[in-house]
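What follows is a single structure, written as structure tokens, with notes after it.
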Amino acid sequence: MVKYNKILAIGAHPDDIEYGCGGFLMKIGAESDKFAFVASLGSAGDETSGLSRAKECENAMKIIRVNKLVFREEVGISYDKYEQISNMINKIINDFNPDLILTHSQNDTHQEHFILSQCVLTAARRSRSSILFFNLLSNTPSFKAEIFVDIGDVIERKIEALSQHISQKGKYYMTKEYLDIFHSNRYAVLHGIRYSEVFEIYRIFI
């Protein structure tokens with residue numbers, strides 16, 4: 001695996017980072033500095049959104065072993081908050097200077113995921129950070145899986161991290177059955193990787 005000293009993971013909601021790249025963050029190793037920024041306390045209109053979700057996320061990130069976790073303590077993401085969120089992310093990028101940024105794809109049908117992805121690209125437009133988009137169930141078929149990470153040795157820890165999101169346990173995508181399907185990429189399976197996380201490349205600096 002390529003060595004990254006500083007990794008910045010950016011998610012729209014509590015559980016997005018864990019779901020999309022939690023395995024990768026565990027695989028990358030304890031020697032890497034891992035920073036997570038969560039841009040809301042949950043989706044607008046979701047009755048589970050709020051500070052309790054931040055606590056669930058904190059518990060999950062301890063399992064993933066993220067060094068620092070920061071929240072934007074507001075519910076929902078909308079275009080009227082675009083500048084505010086982009087500026088927050090830009091400051092984190094300037095202060096932390098990550099080698100790699102992991103975030104939502106532009107090929108995502110969840111409007112808050114999509115807006116945040118745009119915010120990240122705006123904030124990182126002059127940085128030298130490599131950027132990968134992680135996969136979520138709301139991604140469209142246009143999402144192009146280009147990097148395959150074998151997470152078979154950490155899949156149980158990833159599921160344990162996701163289980164910390166108690167408020168979301170009734171969602172079908174949190175069930176063991178769905179998680180088995182989600183982590184079973186046919187191309188990866190063809191090459192002997194049973195459980196994988198996949199990423200789309202926005203840009204890579206080497």
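Values in this text are rule-based calculations from the coordinates and carry no lab data. The shown structure was predicted, so the numbers you read here are calculated from the model rather than taken from an experiment. Don't worry about glycine lacking a Cβ; one is built from the backbone with ideal geometry, like all the others, and counts go over all protein chains shown.
Structural remarks
- Flagged links, alpha-carbon separation over 29 Å, of 62/169; 3/171; 68/158; 81/158: 3/171; 81/158
- Once you reduce the range 154-206 and the range 1-75 to the center of their Cα atoms, the two points are 15 Å from each other.
- Taking the fewest neighbouring Cβ atoms within 10 Å as the starting point, the ordered list for 105, 40, 86 is 86, 105, 40.
- Ascending count of other beta-carbon atoms within 10 Å, so fewest first, for 70, 154, 120: 70, 154, 120
- Using C-alpha pairs below 8 Å separated by at least 6 residues, the relative contact order for the chain is 25 percent.
- Among beta bridges from DSSP that stay inside the chain, the antiparallel ones total about 35%.
- Order of 110, 13 under a 10 Å beta carbon neighbour criterion, fewest first: 110, 13
- Springs between Cα atoms under 10 Å define the GNM used for the chain, and in it the highest mean-square fluctuation of 50, 192, 22 occurs at 192.
- Since only 115, 5, 161 are under comparison, the one whose Cα sits farthest along the positive direction of the charge dipole of the chain, derived from C-beta charges on Lys, Arg, Asp and Glu, is 5.
- A Gaussian network model of the chain, with springs between Cα atoms under 10 Å, assigns the largest mean-square fluctuation among 100, 190, 69 to 190.
- Across the range 163-168, rounded Karplus estimates of 3J(HN,Hα) from the backbone phi angles (6.51 cos²θ - 1.76 cosθ + 1.60, θ = phi - 60°) give 5, 5, 7, 4, 5, 9 Hz, Gly and Pro being marked x.
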